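Below: the structure, in structure tokens.
Readers should treat all values here as calculations from the given coordinates under stated rules, not as data from a laboratory. Fair warning: this is a prediction, and the values are worked out from it, not measured in the lab. Cβ placement follows ideal geometry from the backbone for every residue including glycine, while neighbour counts extend to all protein chains displayed.
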Amino acid sequence: MKSDDNYIIAEILRGNNRCLGELYRIHRDAFIKMVRRDFGANEEQAKDAFQEALIAFHQNICSKKLTELTCSVRSYLFQLGIHKILNLLKKERRLTYDNDLQLIQGKEFEDYMNEDRLESIQEQIGKALEKLPEDCRKVLKLYYYHNYDMDSIAREMGYKNADTAKSKKLLSMKKLLTELKRMTLLLLL
């Protein structure tokens, strides 16, 4: 396989699906290890997610939804795989909304995504935040960007107590994740 990842797209469009087998062989074990460690998935779930990611990659190329990569093939496949495993684990009710944000901004995620892709994701989070009501935006920024505790957020926002601040943070997080999912669906269409 050539180092130019866009070469892979051209080969798949020509009908050379051997590239998919090679991508599977090269990246599968690293993906499985990452998903098992960072998401708590078992090996079968991780394998299924990676296979689904490869299928989605192939479909996106063949349908011309993906014509040029702006990140590495590995980053693209891992991003697809992460979406697949998150959906699977959410169905099994193994993740909470707070864990989702940790996954979005966590160091493990940065380790597997290149700079361009990470900047793109941060930009998407910023755009999603801007679509939230002002109070939701402020609570999330105080907590996640400025590391305020719940008592400090309650004082800053004029809430009755830390429990009220925590409830507002969870509600705001839910709204942010809903907006991010909506934006992601629009990108995939």
Leading residue at positive end of dipole, region 1-95 (Cβ point charges), from ALA53, LEU69, HIS27:
ALA53
Expected sort for 46-55, 25-34 on mean C-beta neighbours within 10 Å, highest first, is 46-55, 25-34
Potential lengthening between LEU69 and ASP149 on full extension [0.36 nm per residue; Cα-Cα distance subtracted]
24.8 nm
Rounded to the nearest 20 Debye, what is the dipole magnitude of region 1-95 about its Cα centre when Lys and Arg each give +1 and Asp and Glu each give -1 at the C-beta?
240 debye
On full extension of the chain, what length is gained from ARG14 through LYS174, given 0.36 nm per residue of separation minus the C-alpha to C-alpha distance?
53.3 nm
